[in-house]
Ligand SMILES: [Zn+2]
């Protein structure tokens, strides 16, 4: 999965940092920029991601799925580096992310039980980039099953999460997890399709199978339940 065009966000060293030092281990040494990338610049970006402890796949100058996920994970871990403008609405920001099958309204759905509880909120601005890798996984899954996917639980405020019995540090509270279901395909089939995508290296994250829905998140390492 490459970015929607040949223009991609990539990490660049900040040449004018305070001391002018080579300090790639510092988050503020890097800045993301949207550019057309030649291979040697992609390699530099991949090296930057690797030095930051993220896995961009082979340092080969090709912007593939692992590099894209590593980049997006970098942005979600360093929200001050993200491309979210301070005054931008979620809807305006979301429209630029290249998500094909899900709307901003679906992604901000607060969960069925919140209609009564009224404890949930919209995700904090700094967490917005965290949901994009997970939505890219579901975009691909939607392509492969060829029928609609319904998002039933995405962001949960800590209060809402604890009230509905969610795990304390649930990735739903970090806006990188989605519970979803389909009227056309069983949970077992959806779950197994995601498992195959994960094995192929399309993403790293958690997969949970429940009778009526599937959980997926892109926490950066694999987990199963
Ligand atoms: Zn979940």
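Each value in this text was obtained by applying a stated rule to the coordinates, not by laboratory testing. The model shown is predicted, which means the values in this text are computed figures rather than measured ones. Backbone-built Cβ (ideal geometry, glycine too); neighbour counts: all protein chains shown.
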Hey, residue 173 in contact with a strand residue (DSSP E or B) (Cβ under 7 Å, 6 or more places away or on another chain) and in contact (Cβ under 8 Å) with a residue 12 or more places away in the chain or not: no
Any hit, region 189-199, residues being loosely packed, with under 15 Cβ neighbours inside 10 Å and within 19 Å of residue 107 (Cα to Cα): no
Within region 178-208, tally of residues that are touching a strand residue (DSSP E or B) at 6+ places or on another chain (Cβ under 8 Å) and within 15 Å of residue 149 (Cα to Cα): 11
